[in-house]
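Every read-out reported here was derived from the displayed coordinates using simple, explicitly stated rules and does not represent laboratory data. On a predicted model such as this, the values are computed, not experimentally measured, just so you know. With ideal geometry, Cβ positions are generated from the backbone for all residues, glycine too; neighbour counts draw on all protein chains shown.
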Amino acid sequence: VKLYNRLLTSEEIKASYDARANVYFTSYKLNFTPSPFKAKAGTSIPLMVTFGGAAGVDNSFNDTALLESSSDSGQFSANGSSWNGTNTMIVKLVSGETQVYYKDLKLGTPTLTVSRGSEYESSSQIETITAGRIEFISPQFTIHSNETVSIRIIASDYAGNTDTNWSETVQFSSNSSRCKFSATDGDYNDTTIVLRMVQGETSCYLKNTRGGIWTITAKSYDYTWTIDKDTPVTGAQANTITQPIISVTKYHQKKNITYNTSSIPVTTGETISYKLSITNLGSETATNLIITDTYVFDTSVNNAISLNDWDTTSWFSSGDSYTYTIDPQGIDWQPWGSEPPSLPANNIKGLRWKINLLGIYEENKTKNIYFEIKK
């Protein structure tokens, strides 16, 4: 307001009006980018918070804003690695913008809001959180190699809730080449299988003829995700096929001395008795075992020796069959059931035994084989 002590001419009034101050309008709305997204539970989602309007970001704004999620399992982070553990966060905008990260561990449609008091317009958008993993709901199992088993999975969040909207395909595979899958407990020909999930779950059958611990893996994609759509949800389960675990211990002794595994001094002409103890430590019967010993008769590491005796008849000689070789290379062997024409024999280069069955119970889990050599 200006006060004058005289009347102004029309030219003066016009000149004063033309010299009026410029009026500037500043932007006033807080915003999110990207627009509403669809992502897996547990995924770290980058968000840009801006202050501006239709003209773009207001670079003059350097102040704080409040971020909120309507989900009690939602969390924010300034760097995508350290999470605040709550569903609210105060952020500082520099030159009208800042980047934050959001993740949610539960299924749902949380609403994200950014605001700063009543003097600025807030923004809200509804997001979609889907399953974040494949969960095996059938328990881990231990079976025999001739058995089959059913497995069942769900697409779930990290609170165990099934995503009943999940209708994508899922691929089953394993790290065992002997594991085969079947959709109907029929033909087991496939090392992988692809099935459609219905209301977030499905099942299949499998068998594995290789003993030991191995892992089944399931993975599924939802290509309608707007964040990280090329990374599947996955799940894995370790299971066990029972198997024999064979332990072989070689004992030796001089005549009338207790069997042991320690080194013993031997002079030329002395007799050494050997015992091979074969034990099944596993949980599955072992069949058709072949035990071969050529080391004792290897003259490159031992002095020249002769086979003095071996036990093929008494009750504690446990080989179901036996043979020998006179081939220094250990390639050509006599037919099963063959014995040297006479003993002692100084041309023997190896002995071999066959054990038809080694069980898992005390009465049949260990077999002992005996023979003697002379230095």
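Side notes on the structure shown:
- Computed over region 246-374, Kirkwood Rh from alpha-carbon pairs, angstrom: 15.4
- All aspartates and glutamates inside 15 Å of Lys354 as judged from Cα atoms, apart from same-chain residues fewer than 8 positions distant: Asp293, Asp311, Asp320, Glu339
- Of Thr271, Thr258, Gly211, farthest towards positive along the dipole that unit charges on Lys, Arg, Asp, Glu beta carbons give region 207-280: Thr271
- Among the chymotrypsin sites (Phe, Trp or Tyr not before Pro) in region 203-306, those located in a DSSP loop and surrounded by at most 16 other Cβ atoms within 10 Å of their own Cβ are Tyr221, Tyr223, Tyr259, Tyr295.
- Highest-MSF residue in the chain out of Val301, Val94, Val57 [GNM, Cα springs under 10 Å]: Val301
- Fraction of alpha-carbon pairs over 18 Å apart in region 29-130 - percent: 41
- Too-long pairs where the Cα-Cα distance tops 30 Å, listed order kept, from Lys207/Lys250; Lys106/Lys219; Lys207/Lys365: Lys207/Lys250
- For the chain, excluding the exposed loop sites themselves (GluC sites (Glu not before Pro), DSSP loop, at most 13 other Cβ atoms within 10 Å), the longest remaining stretch covers 148-269.
- Near Ala78: Cβ cut-off under 15 Å, other residues only, Lys/Arg at +1 and Asp/Glu at -1. The net charge is +1.
- Cα-only Debye scattering, region 47-195: base-10 log of I(q)/I(0) at q = 0.09, 0.13, 0.20 Å⁻¹: -0.49, -0.73, -1.20
- Expressed per residue, the C-alpha convex hull volume of the chain stands at 276 Å³.
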